[in-house]
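Report on the following structure.
The values are calculated or read from the model by the stated rules, or taken from the named source; none is laboratory data. Treat the numbers as computed from the prediction; the structure is a model and nothing was measured. Every residue, glycine as well, gets a Cβ built from its backbone with ideal geometry; the counts of neighbours run over all protein chains shown. When the accessible area is computed, the model is the full protein with side chains, heavy atoms only, and any ligands, DNA or RNA have been set aside. Shrake-Rupley method; radii C 1.70, N 1.55, O 1.52, S 1.80 Å.
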Amino acid sequence: MTRPSFDPPARAPRGLVFAAALLTCACASKLARTPETFTIDPPAPRPVPAAAANRIVSLRGVEVAPTYAGSELVYRVSEHGIERDPYANLAAPPARLLTAAMRGYLRDSDYIRDVVAPGEGLPVDDDIEPALLELSGDFSNPAEPVAVLALRIRVLARPAGAAPEREILLKAYTRRVPLSQRTAAAVVAAWNRALAEIMAEFLADLKPALPSRRSTS
């Protein structure tokens, strides 16, 4: 009796391997779909500034870790593995979106009168220097997918006279928001929620740390 022969399995095309990996990791990315574009948004502005708002702060553009600097959404698929979603993009690089959103939250606070960019030549009370540490959809545990936003924020007070700036706050803020759906839209919605929570905590931390406002006379 002639035995059946078994040829070595053909190597799967790279595209099929990529698709299989995404399905195995339960990622939000879905191949062969319509491209989607998302935003990270500032809050609705206050109709009028708070009466007690008197500080002017400088907000530096958000410094972004290289892994998350592009517009494509990033998914963590294992402890050390990530995938980029070619079908889901932010409307602008994260640095621009997060800087604009943070500016909106600062302007909505009850003690900040205005937010300026560094180098505008205006009198400033404090300098705020944010850095993005992580912005991802974490699907490394398929049973508990989460959206992750991690920021480190440093604040320097500008004293009167020729005294050097003094660091008054340095803190890392992280939110891991559970996802009810494995979709890009759910990930971005969770990032927006996470940013709102982080900014509320940051503003609560910052207020008691601020020194008395320097005289402009």
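The residue of region 103-154 that is least open to solvent (accessible area, probe 1.4 Å), among those that are of a type in the set (Val, Ile, Thr) and touching a Pro at 6+ places or on another chain (Cβ under 8 Å), is Ile153.
Of Thr183, Thr99, which residue is touching a Gly at 6+ places or on another chain (Cβ under 6 Å), under 17 Å from Thr39 (Cβ atoms) and open to solvent by 10 Å² or more (accessible area, probe 1.4 Å)?
Details: Thr183 fails: touching a Gly at 6+ places or on another chain (Cβ under 6 Å).
Of the residues listed, the single one that is touching a Gly at 6+ places or on another chain (Cβ under 6 Å), under 17 Å from Thr39 (Cβ atoms) and open to solvent by 10 Å² or more (accessible area, probe 1.4 Å) is Thr99.
Here is a list: Leu122, Leu135. Which entry is among the hydrophobic types (A, V, I, L, M, F, W, C) and more than 14 Å from the chain's Cα centre (by Cα)? Don't jump to the end; show me each part of the working.
Values: Leu135 fails: more than 14 Å from the chain's Cα centre (by Cα).
Result of the check over Leu122, Leu135: Leu122.
Of the residues making up region 161-180, those that are over 23 Å from the mean Cα position of the chain (by Cα), on the phi < 0 side of the Ramachandran plot and of a type in the set (Gly, Ala, Ser) are Ala162, Ala163.
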